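Since the structure comes first, as structure tokens, the remarks are kept for the end.
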Amino acid sequence: GARLWEMLMNTTLIKELADVAKDAALIHGVVMRIKETPNSSELVTYAPFTLFPSPVPKAVFHQALAVQTHFNLLVDKISQDSGFLEEALASTIAVDDFTRRLFDIYRSVLKEGRSQSIVLGLNRSDYMLDQREDGTSSLKQIEINTIAASFGGLASRTPDVHRSVNQHIRSTQRLCGRFSLGDEIEHIFWGTFGINWNCYSWSTPCHSRAVVMFLVEEGQRNIFDHRYVENELWKRKIPTIRRRFQDVCKTGSLDQDKRLFVDGQEVAVVYFRDGYMPQNYISEQSWDVRLLMERSLAVKCPDISTHLAGTKKVQQELARPGVLERFFPDQPQVVEQIRATFAGLYTLDMGPEGDKTVAMALATPDNFVLKPQREGGGNNIYGSEICQVLEGVKESTERTAYILMDLIHPSPVHNYLLRRDASLQVSKCLSELGVFGAYVRQGKDMVMNECVGHLLRTKSSEHSDGGVAAGVAVLDNPLLV
Ligand code: ADP
Ligand code: MG
Ligand code: MG
């Protein structure tokens, strides 16, 4: 209330708290390399974060955690349903080159026959709160990321930073009573790799020294987020290596049993932290290497079908009546829990349904987001730009590269966004809650299916798009209210 606003406007206090917070971030390892030297750890800085945790209603927080194992199952079921993937993505791959190339890999792997029956899924389902004037908030899924979902490592460290800030406020201002950051759930994310590494060892002969390969980007500012995962693996005596597409191009190969070798080391698990956007495939060889890895006996996190299950077109198809029922025929309560998180999603396929979507978007563009099949932030289209884009493509199949989605309206909250290159000023902010899911399937058996952590990201309300890596959002923690 008034007391909080007074604190937000107390510039001396804010400056003091910001200094405390930045030091706490460095102490607790909420760090990133600087953008000028993304491949060196000589100069690092705190990963951008909010000065204060942002309020999230307890009920929706727990709703998001509770639905995660269902989303894990859903993604996994989609990934095994080639008929559904073919149908859902048919119109998209006809016009979107990137998705088509992924789909070509999927088809050729299907045709050859999958060599590995172990599946490792690590995803992050992202939500915003649709907050009405009557005070109700409903949890709406923005998207689910089935490849390279990041910040699981750093997010496990951010609660300590806000606890330090809280300590400082308590001792100087005598403010804040209850303080729950919702971090009681364990980050067991990392253990999943161990399970897979073991599974791989059991199911294939003689390679106790097989490694987990992190497939990494050219620019590696966010390396510490990976290092947390690597550390957990090292603790479990699981060897890891880090390689880029171009490294695998040079030294990757399959033996006659389709075991994957890179630099002479057998790879048990390929963990993709790259390969999710067109720019990641710098040459034709990158595509060849993706295919090589997909064909191999290595466990892929994710495999190509799970990658495709995370596309925005699939998300839109899932929102059609009856589609969730196809995946959960005897579980109406699961269907209901998942569907409750769906915002309005609309097809732009050719035909009367798509025509209706076009008309609706052109009439009230401010109610929607137009999304292409892209990841990594900064690709979506909003407001009047929706009209410009749709006017250009509405008569052609080009429009099927996109989907349309209801714009979600969270209530803005004031906070300070701390980042190296920005001045300290109060911003109106919007938050997005991510929930991490992990699962392991061996053949038909789900060996593990868990909700393994969460991430809150917050951005200034001036920006309609973009994540932390895109330089728009910053790390945060949910203050359960
Ligand atoms: P990406 O895969 O690039 O992260 P997203 O669908 O997550 O794509 O969109 C990027 C960002 O755009 C989100 O983090 C969110 O800030 C904003 N956004 C996306 N969809 C919506 C929506 N329906 N309502 C409000 N904001 C949205
Ligand atoms: Mg995404
Ligand atoms: Mg996103």
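The values are calculated or read from the model by the stated rules, or taken from the named source; none is laboratory data. Keep in mind the model is a prediction, meaning the values are calculated, not measured. Neighbour counts run over all protein chains shown; Cβ positions are idealised from the backbone, glycine included.
Summary of computed values
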{"read-out": "Helices (runs of 4 or more DSSP H) contained in the stretch 251-326 and holding at least 1 residues out of contact with any helix residue (DSSP H, G or I) (no Cβ under 8 Å at 6 or more places or on another chain) and modelled with pLDDT of 95 or more", "value": "284-295, 312-318"}
{"read-out": "Test: residue in the stretch 447-454 that is more than 16 Å from ligand 3 (Cβ to nearest atom) and among the charged types (D, E, K, R)", "value": "yes"}
{"read-out": "Members of the stretch 308-327 found to be away from ligand 1 (no atom under 16 Å from the Cβ) and either within 20 Å of T92 (Cα to Cα) or more than 24 Å from the chain's Cα centre (by Cα) (or both), listed by number", "value": "R320, P321, G322, V323, E325, R326"}
{"read-out": "Residue check, A59 more than 20 Å from the chain's Cα centre (by Cα), over 30 Å from I223 (Cβ atoms), in a helix (DSSP H, G or I) and among the small types (G, A, S)", "value": "yes"}
{"read-out": "The listed residue being touching a Ser or Thr at 6+ places or on another chain (Cβ under 6 Å), part of a helix (DSSP H, G or I) and in contact (Cβ under 8 Å) with a residue 24 or more places away in the chain, out of A24, A64", "value": "A24"}
{"read-out": "Unmet requirement for R242, which otherwise passes all of (1) touching a helix residue (DSSP H, G or I) at 6+ places or on another chain (Cβ under 8 Å); (2) touching a residue at least 40 places away in the same chain (Cβ under 8 Å); (3) surrounded by fewer than 21 Cβ atoms within 10 Å (Cβ to Cβ)", "value": "(2)"}
{"read-out": "Residue that is farthest from ligand 3 (Cβ to nearest atom), among those in the stretch 367-423 that are over 27 Å from L8 (Cβ atoms) and small (G, A, S)", "value": "S396"}
{"read-out": "Candidate set from the stretch 154-188 (those that are at pLDDT below 65 and of a type outside the set (D, E, K, R)); member that is farthest from the chain's Cα centre (by Cα)", "value": "L175"}
{"read-out": "Qualifying residues in the stretch 388-415 (those that are in contact with a strand residue (DSSP E or B) (Cβ under 6 Å, 6 or more places away or on another chain) and of a type in the set (S, T, Y)) - the one surrounded by the fewest Cβ atoms within 10 Å (Cβ to Cβ)", "value": "S411"}
{"read-out": "Elements of type strands (runs of 3 or more DSSP E) contained in the stretch 379-481, each with 1 or more residues being free of Cβ contacts under 8 Å to residues at least 12 places away in the same chain", "value": "445-460"}
{"read-out": "Matching residues, the stretch 428-470, being closer than 27 Å to T306 by Cα, within 16 Å of ligand 2 (Cβ to nearest atom) and either modelled with pLDDT under 90 or polar (S, T, N, Q) (or both)", "value": "D465, G466, G467, V468, A469, A470"}
{"read-out": "Enumeration of residues in the stretch 357-400 that are over 15 Å from Q316 (Cα atoms) and charged (D, E, K, R)", "value": "D366, E375, E385, E391, K394, E395, E398"}
{"read-out": "Top-ranked residue in the stretch 402-427 [being within 25 Å of Y46 (Cβ to Cβ) and of a type in the set (A, V, I, L, M); ranked as modelled with the lowest pLDDT]", "value": "A422"}
{"read-out": "Any hit, the stretch 283-295, residues being within 16 Å of ligand 1 (Cβ to nearest atom), under 23 Å from A470 (Cβ atoms) and either under 25 Å from the mean Cα position of the chain (by Cα) or buried (at least 23 other Cβ atoms within 10 Å of the Cβ) (or both)", "value": "no"}
{"read-out": "Some residue of the stretch 375-383 being modelled with pLDDT of 95 or more, within 15 Å of ligand 2 (Cβ to nearest atom) and surrounded by fewer than 18 Cβ atoms within 10 Å (Cβ to Cβ)", "value": "yes"}
{"read-out": "The listed residue being surrounded by fewer than 21 Cβ atoms within 10 Å (Cβ to Cβ), of a type in the set (S, T, N, Q), within 16 Å of ligand 3 (Cβ to nearest atom) and touching a residue at least 24 places away in the same chain (Cβ under 8 Å), out of S150, S115", "value": "S150"}
{"read-out": "F49 closer than 30 Å to G219 by Cα, surrounded by 22 or more Cβ atoms within 10 Å (Cβ to Cβ) and not polar (S, T, N, Q)", "value": "yes"}
{"read-out": "Filtered residue count, the stretch 32-48, keeping only those that are closer than 13 Å to D421 by Cα and either hydroxyl-bearing (S, T, Y) or in contact with an Asp or Glu (Cβ under 6 Å, 6 or more places away or on another chain) (or both)", "value": "2"}
{"read-out": "Among (1) among the hydrophobic types (A, V, I, L, M, F, W, C); (2) touching an Asp or Glu at 6+ places or on another chain (Cβ under 8 Å); (3) away from ligand 2 (no atom under 16 Å from the Cβ) - the single one M128 does not satisfy", "value": "(3)"}
{"read-out": "Subset of the stretch 436-462 [surrounded by fewer than 19 Cβ atoms within 10 Å (Cβ to Cβ) and closer than 15 Å to Y416 by Cα]", "value": "S460, S461, E462"}
{"read-out": "Sole residue being assigned by TED's automatic domain parsing to the domain that holds N280 and either loosely packed, with under 15 Cβ neighbours inside 10 Å or over 23 Å from the mean Cα position of the chain (by Cα) (or both), chosen from S54, S91, S79", "value": "S91"}
{"read-out": "Subset of the stretch 278-329 [within 16 Å of ligand 2 (Cβ to nearest atom) and out of contact with any strand residue (DSSP E or B) (no Cβ under 7 Å at 6 or more places or on another chain)]", "value": "P278, Q279, N280, H307, L308, A309, T311, V314, L318"}
